[in-house]
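The values are calculated or read from the model by the stated rules, or taken from the named source; none is laboratory data. Since this is a predicted model, take the numbers as computed values, not measurements. Note that each Cβ is placed from the backbone with ideal geometry, even for glycine, and that neighbours are counted across all protein chains shown. With ligands, DNA and RNA removed, areas are computed over all heavy atoms of the protein, side chains included. Shrake-Rupley method; radii C 1.70, N 1.55, O 1.52, S 1.80 Å.
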Amino acid sequence: MTVDLVTALPEVVRGPLESGVLGRALEEDTATVRVHDLRASAEDPQDQIDDYPFGGGGGMVLKPGPLVRCLEALEDKHGVPDDVIYLTPDGERFTQKSANQLSRKEYIVLVTGRYKGIDERVRRRWITREVSIGDYVLSGGELPALVLIDALVRLQPGALGDARSALTDSFQDDLLGAPVYTRPASFRGMDVPEVLRSGDHERIRRWRFDESVRRTRARRPDLLDESEKLDEEAPSSAPDGDKTA
Ligand code: 6GU
């Protein structure tokens, strides 16, 4: 998968894209992320990339010209993207299901706004999808774009040292993850559950499932309600492919 990220603040995203699991995956070409400075698409160096909103009110709006020039230059160079996604608090909520879907696209462009956002005409004509990462307001789309990229890259084939790891993630089957332990087996008087040290893989699998359900019921009963609703909607069909992919 290839991601072109268009931003007025490239320096905000560079560090995270070079660090940790994400940095290593990108270095190993599991996916490609290219960062584009919106300012480079201004007509001349003095040309502003933002301007006051028509009708007044506070804040600044990203001008359509530089942004559209940037999007058109990308299309000329790399072809039509599968999606042009604008990160905005009024977009559709990003979930593991959307991550699974988007992770299968070959080429996406992410557009991040600052200030009051981007000109509505760009949203209408050039943006194909709008995504929010949750019900709170951030000062720009850069951190949300990194959230998307991290969630998508780790789902790419070869991204994780252990491919099984992605399948046991919280949310991958609408359940939270089971507790995990490492050595030492006894720490300050607290012992690792015996079952995990039993070597009985069937018992371990069942224990983990039960703990996942218990934890989900206690912390996120809404997730259980959601999967029950889905079961009711499709009583005879196989479970959603996204969840077991
Ligand atoms: Cl995608 N952008 C901004 N600015 N704030 C957000 C968001 C996005 N998602 C949640 N809050």
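A compact table of results
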{"quantity": "Unmet criterion (only one of (1) outside any loop (DSSP other than H, G, I, E, B); (2) surrounded by 13 or more Cβ atoms within 10 Å (Cβ to Cβ)) for P81", "calculated": "(1)"}
{"quantity": "In the stretch 50-62, the residues that are within 14 Å of G117 (Cα to Cα) and more than 26 Å from the chain's Cα centre (by Cα)", "calculated": "D50, D51, Y52, P53, F54, G57, G58, G59, M60"}
{"quantity": "Residue tally, condition crowded, with 18+ Cβ neighbours inside 10 Å and either assigned to a loop (DSSP other than H, G, I, E, B) or not small (G, A, S) (or both), over the stretch 124-137", "calculated": "4"}
{"quantity": "Which numbered condition D76 misses (of (1) surrounded by 14 or more Cβ atoms within 10 Å (Cβ to Cβ); (2) not in a strand (DSSP E or B))", "calculated": "(1)"}
{"quantity": "Sole residue being at pLDDT 95 or above and away from the ligand (no atom under 16 Å from the Cβ), chosen from D210, D173", "calculated": "D210"}
{"quantity": "Residue count, the stretch 41-52 (criterion: open to solvent by 30 Å² or more (accessible area, probe 1.4 Å), in a loop (DSSP other than H, G, I, E, B) and not aromatic (F, W, Y))", "calculated": "6"}
{"quantity": "Test: residue in the stretch 151-170 that is at pLDDT below 95, at positive phi and out of contact with any Leu (no Cβ under 9 Å at 6 or more places or on another chain)", "calculated": "yes"}
{"quantity": "Test: residue in the stretch 8-31 that is within 16 Å of the ligand (Cβ to nearest atom) and outside any helix (DSSP H, G or I)", "calculated": "yes"}
{"quantity": "Residue that is away from the ligand (no atom under 12 Å from the Cβ), polar (S, T, N, Q) and without any contact (Cβ under 8 Å) to a residue 12 or more places away in the chain, where the choices are Q96, Q101, Q46", "calculated": "Q46"}
{"quantity": "Of residues in the stretch 165-179 being among the hydrophobic types (A, V, I, L, M, F, W, C) and touching a helix residue (DSSP H, G or I) at 6+ places or on another chain (Cβ under 9 Å), the one surrounded by the fewest Cβ atoms within 10 Å (Cβ to Cβ)", "calculated": "L167"}
{"quantity": "Residues being closer than 16 Å to V33 by Cβ and within 16 Å of the ligand (Cβ to nearest atom) - total across the stretch 132-169", "calculated": "12"}
{"quantity": "Filter pass, L110 being within 14 Å of the ligand (Cβ to nearest atom), within 15 Å of T32 (Cβ to Cβ) and buried (at least 18 other Cβ atoms within 10 Å of the Cβ)", "calculated": "yes"}
{"quantity": "Test: residue in the stretch 27-34 that is surrounded by fewer than 17 Cβ atoms within 10 Å (Cβ to Cβ) and more than 24 Å from the chain's Cα centre (by Cα)", "calculated": "no"}
{"quantity": "Hits in the stretch 113-123 (condition: under 21 Å from the mean Cα position of the chain (by Cα) and open to solvent by less than 30 Å² (accessible area, probe 1.4 Å))", "calculated": "G113, G117, I118"}
